[in-house]
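One structure is given below, encoded as structure tokens.
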Amino acid sequence: MRVFVTGASGWIGSALVPELIAAGHQVVGLARSDTAAAALGEAGAEVRHGSLDDLGVLRDAAAASDGVIHLAFRHELAFSGNFDAAADADRRAIDTFGEALAGSGRPLLIAAGTLGLAPGRLATEEDGRSPDRSAVTTPPTGPSKRMENARAVLALADRGVRASVVRLPPTVHGDGDQGFLATIVAVARAKGVSGYLGDGANRWPAVHRDDAARLFRLALEGAPAGSVLHAVADEGVPIRTVAEVIGRHLGLPVASVDAADAAAHFTWLGAFLALDGPASAARTRALLGWQPTGPGLLDDLDLGHYFATATPAG
């Protein structure tokens, strides 16, 4: 297949591109910088220059493809406090892909998240497919707006698109990670203590980057229209346990941080770190035969690469 990939030079995309090429697919990657273009070229992908705001580029690339995998998100807007603008850009891209692929039966996959689906219990692929109508209906904002984008993708199944949503856990880990887990390590270095909020019993699911990339490839090749998939290997790792492993590797004390101090201590991560969001991938594994083979979160931490170099804390 000729596959158009946004976010192709990003954390997951840079694992997905070689995964697709090794399976015999041709990859066309969106690049908004010369550095991204060079990385894609070295990986063996064709380069399309542009960004998520270049809707004409997105439309033409999707129309010329046998399938689209949409990984890009305007994280720089989201982390600067303008999540709604990032979600709006995402929705415009999704609508553009839907128009280009309507009636074709070709696949469209997007990345979404598991965190916040079913707080306090094990979330499944069925959670979050429809909005909670029991709540007061107000225009969605923040992460809820991105969840609406995922529902819009699923609705494209009714327009002849083999649309699927791949939900990622907050921790997609591996050597070179600069995301949530790397930030937690960096905060521990900066503060001189490996912290967690409250009793630290809240759980985060996790997956190794290579396993996530393989699931995107399997979904591209065979997920039915309207599929929701969970890229989850560890269903729920207690945050306190993560803090204890980090403290052991850095030689730091491990301690609870008061919820009132979450933002000051953990910077932007404070809003997420108290969430309890375990998730299951049982239906995904049964549907596509996906079996994670990479190290689990705690084993990956014990490999030491998260502690080899310091990462800025925020």
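The values are calculated or read from the model by the stated rules, or taken from the named source; none is laboratory data. Predicted, not measured: the structure shown is a model, and the values here were computed from it. FYI the Cβ positions are ideal-geometry reconstructions off the backbone, even for glycines, and counts take in every protein chain you see. Just the protein is used for accessible areas: all its heavy atoms, side chains included, with ligands, DNA and RNA removed. Shrake-Rupley method; radii C 1.70, N 1.55, O 1.52, S 1.80 Å.
Odds and ends about this structure:
- Considering residues of the range 248-280 that are touching a Leu at 6+ places or on another chain (Cβ under 8 Å) and aliphatic (A, V, I, L, M) only, the residue nearest to H230 (Cα to Cα): A279
- Qualifying residue in the range 217-228 (condition: out of contact with any Gly (no Cβ under 8 Å at 6 or more places or on another chain), surrounded by 22 or more Cβ atoms within 10 Å (Cβ to Cβ) and among the hydroxyl-bearing types (S, T, Y)): yes
- The helices (runs of 4 or more DSSP H) found wholly in the range 39-128 and carrying at least 1 residues that are of a type outside the set (A, V, I, L, M, F, W, C) and modelled with pLDDT of 95 or more occupy 55-63, 83-101.
- Residues in the range 4-22 that are open to solvent by 10 Å² or more (accessible area, probe 1.4 Å), among the aliphatic types (A, V, I, L, M) and touching a Gly at 6+ places or on another chain (Cβ under 6 Å): I21 only.
- Flag for V232 being over 24 Å from V187 (Cβ atoms), crowded, with 19+ Cβ neighbours inside 10 Å and touching a strand residue (DSSP E or B) at 6+ places or on another chain (Cβ under 7 Å): yes
- Residue within the range 23-36 that is surrounded by fewer than 19 Cβ atoms within 10 Å (Cβ to Cβ) and in a helix (DSSP H, G or I) present: yes
- Within the range 1-22, the set of residues being closer than 18 Å to R59 by Cα and either assigned to a strand (DSSP E or B) or within 18 Å of the chain's Cα centre (by Cα) (or both) comprises R2, V3, F4, V5, T6, G7, A8.
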